[in-house]
Amino acid sequence: MGKRGNKSKDFLNVSVVTRKSASTRSQAGDSDVSDLESIAQSSIVGDPNYQDDEMIIPRSSFEEFLDSIMDKKNSLRIQALDRFIHIMRTSIHIEEIKNYVDSLADAIEKNLHNQGEIILRACTAAALFSVQTGDSIDSQVETICRELGVLVKDHTMSENVRSAAAQALSIIVILSVDHPDVIRNALDALNFTWNSFKTTSTTSSLFSAAVTAWSLVLFKADDPTAREVFSQSPSKLVKYLESTNVDIRIAAGEALAALYERGNDEGYDLQFVKSQHIKELLETLAQDSAKYHAKKDKRAQRFTFRQIIDIIYEDNCPEGSVNYGKNQVLRITSCYERLVYDALCACLQGSLNVHLQKNQILRDLFDLPEVQKTPVTTMTRQEKKEIRQLNNEIDKARKIQRNRQRDKKAY
């Protein structure tokens, strides 16, 4: 797995959940790498330009902020939603949000009934709302999940809106939902969406978003639901491995690997996934050399399917790591963790490292230790006076040295 930033996309390279086109996707390198090299290169690099400052919302302005989200003018709604998204990405544990959970949930749900640009922002706001509050909003997000499921299946909406709804739905289910019926409805909506695609489809963004979100939500499903999925879905995914679109082939392969990991953890019978036909198909994709395929497409496909074969047939998931702070490393050791990290990369963008450091909800999700609170130390009046004196003496010495240098230049 090659080293790259948060926004590149190969299956076992941590990145955003929204898949870019094959022409813009980063590849493992300029040439193919072996399976062992793929595993050896699995160092996942976080965004080094993350923000470390938090924005605080004044309590006096929070109600005005909520009013703006519900304003009749769409331009004001968009401005308010943009501000909300920015604050939720760059701030951790805003105390005021606890007093307005019901109002925020209601405002977000109503904006999901609006139009294009507002719905896109409302989907992002819903996901960030869940990132900030975790499972404390289980009852409040049920209506939001229901509306997101409707958007995902709505053929009258643009692919961008449906993709954003799918991504938001997966994050909310993982972080904030425990009710089996809500999880089941989310799975059904996502399954309906990706399963309605044809293998000859020329567009892939919605399929990739829906099948990736479906794979993530499946890890939260209860036992009966999971068994039903395992009995039906592998054969449906296999047909997409022969799609004419490289992104659809890769997304289907990733979902198949995630499905295997989910079943393997619970001890379900997934022998169908290990059938000889599927193995031969995966090996063919891992060795694709057709001249009519673009080089970038072939590299990305070969690289991804070699690792998928390792997961399914060798029980070996290449590990990776994320450096998200000074001497702080997140180990990525499973398909599930990669799916979660991908989704959070898309949602939080450059602020993900800040949340990994300070957001206990995400730290619990990745089994990281609790945030260490730095004790606040206050200096006595005498200590402050001594520091000021020391700084004054340093300034005087600097001025004297500067004047001497000027005198030398004058001569």
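Mind listing whichever residues of the range 185-215 are hydroxyl-bearing (Ser, Thr, Tyr), crowded, with 18+ Cβ neighbours inside 10 Å and not in a helix (DSSP H, G or I)?
Ser204
Show the residue pairs meeting these rules: Cβ distance below 6 Å; 6+ apart or different chains; first residue within the range 86-102 and within 22 Å of Cys345 (Cβ to Cβ) and modelled with pLDDT of 80 or more; second residue of a type outside the set (A, V, I, L, M, F, W, C) and surrounded by 13 or more Cβ atoms within 10 Å (Cβ to Cβ).
Met88/Gln132; Arg89/Ser351; Thr90/Gln51; Thr90/Ser351; Ser91/Glu54
Could you tell me which of the residues Ser136, Ser196 is at pLDDT below 90, out of contact with any helix residue (DSSP H, G or I) (no Cβ under 7 Å at 6 or more places or on another chain) and farther than 18 Å from Arg77 by Cβ?
None of the other options fit; the residue is Ser136.
Out of Ser170, Ser130, which single residue is assigned to a helix (DSSP H, G or I), touching a Leu at 6+ places or on another chain (Cβ under 8 Å), in contact (Cβ under 8 Å) with a residue 60 or more places away in the chain and not β-branched (Val, Ile, Thr)?
Every option except Ser170 fails the conditions.
It is to be established whether one or more residues within the range 312-325 are in a loop (DSSP other than H, G, I, E, B), touching a Lys or Arg at 6+ places or on another chain (Cβ under 9 Å) and at pLDDT 90 or above.
Within the range 312-325, none of the residues are in a loop (DSSP other than H, G, I, E, B), touching a Lys or Arg at 6+ places or on another chain (Cβ under 9 Å) and at pLDDT 90 or above.
Kindly provide the set of residues from the range 174-208 that are of a type in the set (Ser, Thr, Tyr) and more than 21 Å from Val246 (Cα to Cα), ordered by number.
Within the range 174-208, Ser176 is the sole residue that qualifies.
Can you give me the number of residues within the range 134-149 that are of a type in the set (Val, Ile, Thr) and surrounded by 23 or more Cβ atoms within 10 Å (Cβ to Cβ)?
So the count comes out to 2.
Yes or no: the range 216-236 includes at least one residue that is crowded, with 19+ Cβ neighbours inside 10 Å and within 15 Å of the chain's Cα centre (by Cα).
yes
Of the numbered conditions (1) in a helix (DSSP H, G or I); (2) closer than 29 Å to Arg363 by Cβ, Ile92 satisfies every one except a single condition; which is it?
So Ile92 meets the others, but not (1).
Kindly check whether there is at least one residue in the range 368-375 that is under 21 Å from Asp135 (Cβ atoms), exposed (fewer than 10 other Cβ atoms within 10 Å of the Cβ) and either of a type in the set (Gly, Ala, Ser) or modelled with pLDDT under 90 (or both).
Yes, some residue in the range 368-375 is under 21 Å from Asp135 (Cβ atoms), exposed (fewer than 10 other Cβ atoms within 10 Å of the Cβ) and either of a type in the set (Gly, Ala, Ser) or modelled with pLDDT under 90 (or both).
Condition test on Arg363, is it within 15 Å of the chain's Cα centre (by Cα) and free of Cβ contacts under 8 Å to residues at least 24 places away in the same chain?
Here the answer is yes, as Arg363 does meet what is asked.
Quick check on my filter: what residues within the range 200-228 are touching a helix residue (DSSP H, G or I) at 6+ places or on another chain (Cβ under 6 Å) and without any contact (Cβ under 8 Å) to a residue 60 or more places away in the chain?
Leu206, Phe207, Ala210, Val211, Trp214, Val217, Leu218, Lys220, Ala221, Asp222, Thr225, listed by residue number.
Looking at Ala286, Ala255, can you tell me which residue is among the small types (Gly, Ala, Ser), at pLDDT 90 or above and surrounded by fewer than 23 Cβ atoms within 10 Å (Cβ to Cβ)?
Ala286
Identify, please: which residue in the range 341-360 is touching a strand residue (DSSP E or B) at 6+ places or on another chain (Cβ under 9 Å) and under 25 Å from Arg262 (Cβ atoms) and is, among those, modelled with the highest pLDDT?
Residue satisfying both the conditions and the ranking: Tyr341.
Given the options Gln382, Gln357, Gln401, name the one that is within 24 Å of Ala127 (Cα to Cα), part of a helix (DSSP H, G or I), out of contact with any helix residue (DSSP H, G or I) (no Cβ under 6 Å at 6 or more places or on another chain) and not small (Gly, Ala, Ser).
When all the criteria are applied, what remains is Gln357.
The values are calculated or read from the model by the stated rules, or taken from the named source; none is laboratory data. All values derive from a computational prediction rather than experimental measurement. Every residue, glycine as well, gets a Cβ built from its backbone with ideal geometry; the counts of neighbours run over all protein chains shown.
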